[in-house]
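Heads up: the structure comes next, in structure tokens.
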Amino acid sequence: MKDHKMPLSPLMATGSAFSVAAGRLSYKYGLQGPSVSVDTACSSSLVGLSMAWQSAMSLAAPISMACGVNLMLASTSLVVASIAGMLSGDGRCKTLDQSADGYVRAEACQSVVVDGTSEALTDPYGVSMVGSAVNQDGRSSSLTAPNGPSQQTVLQRALQSAQLSAGDVLGLQMHGTGTSLGDPVEGGALSAVLLGEAKTQAPLALSAVKSCVGHSEAAAG
């Protein structure tokens, strides 16, 4: 069998380092301040956005940027996800549906500028970000299994950070991967924190963009 090894190049070292991915953007555009690559799996973009927001609000870096990208360049990752039973058998993500059987992989690239200066308050095209919270599931039944109590905790911390009550939330974008395990756990956490025992609260509108564009993994946030 012929050996098809790739020729060695210095770019193979820098091109595969997460730190260089962020540093290269800072180099290209002359950006200063913290330049950090974040890898927390599906929440990478959201954690990066949270860090950018905290930096902007503390004026450590008044104008910050959070970017997320996911490209499917190697077939092996798709094969492994299929073998693990993570992917939908019919190629459709069906969040909150009884027939939900997995997610659909997608590519994405996006960037958000977070402006903590006073001028940002007058920007007609801006969207206000009023709070943020991050945590980890900790010990759960398995590596990829969600933890309902931990999800409730981060929701409560997000509300506290934004100085909002549960009744102030009328709509929510779910993680919603379209799995028979993850969706019910997430739905239960949302119900416990945002609806509780309230009988008169307006309905909570849930949406899941993964059912429309797929799961862009590290860029899903």
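The values are calculated or read from the model by the stated rules, or taken from the named source; none is laboratory data. Every value quoted in this text rests on a predicted model; they were computed, and no experiment measured them. With ideal geometry, Cβ positions are generated from the backbone for all residues, glycine too; neighbour counts draw on all protein chains shown. What goes into the accessible areas is simple: the full protein's heavy atoms, side chains included, and nothing from ligands, DNA or RNA. Shrake-Rupley method; radii C 1.70, N 1.55, O 1.52, S 1.80 Å.
Scan segment 97-126 for residues that are open to solvent by less than 90 Å² (accessible area, probe 1.4 Å) and of a type in the set (Asp, Glu) and the total you get is 4. For segment 48-60, state whether one or more residues are modelled with pLDDT of 90 or more, assigned to a loop (DSSP other than H, G, I, E, B) and out of contact with any helix residue (DSSP H, G or I) (no Cβ under 7 Å at 6 or more places or on another chain). Taking every residue of segment 48-60 in turn, none turns out to be modelled with pLDDT of 90 or more, assigned to a loop (DSSP other than H, G, I, E, B) and out of contact with any helix residue (DSSP H, G or I) (no Cβ under 7 Å at 6 or more places or on another chain).
Taking segment 55-96 as the range and being open to solvent by 80 Å² or more (accessible area, probe 1.4 Å) and under 20 Å from residue 181 (Cβ atoms) as the test, the residues that pass are 80, 83, 90, 92, 96.
Of all residue pairs spaced 6 or more apart or on separate chains, those with beta-carbon atoms under 6 Å, a first member in segment 163-186 that is within 26 Å of residue 130 (Cα to Cα) and free of Cβ contacts under 8 Å to residues at least 40 places away in the same chain and a second member that is of a type in the set (Ser, Thr, Tyr) and not in a loop (DSSP other than H, G, I, E, B) are 173/207. Restricting the first member to segment 24-48 and to residues that are over 30 Å from residue 174 (Cβ atoms), and the second to residues that are open to solvent by 50 Å² or more (accessible area, probe 1.4 Å) and in a loop (DSSP other than H, G, I, E, B), the beta-carbon pairs closer than 7 Å and six or more apart or on different chains are 26/35.
Considering only residues that are of a type outside the set (A, V, I, L, M) and surrounded by fewer than 14 Cβ atoms within 10 Å (Cβ to Cβ), look in segment 34-44 and name the one that is farthest from residue 178 (Cα to Cα). For segment 34-44, the residue satisfying everything is 34.
Answer yes if at least one residue in segment 190-213 is out of contact with any Asp or Glu (no Cβ under 9 Å at 6 or more places or on another chain), closer than 21 Å to residue 71 by Cβ and assigned to a strand (DSSP E or B), and no otherwise. Scanning segment 190-213 turns up no residue that is out of contact with any Asp or Glu (no Cβ under 9 Å at 6 or more places or on another chain), closer than 21 Å to residue 71 by Cβ and assigned to a strand (DSSP E or B).
Residues in segment 135-168 that are assigned to a helix (DSSP H, G or I), among the small types (Gly, Ala, Ser) and closer than 15 Å to residue 196 by Cβ: 148, 166, 167.
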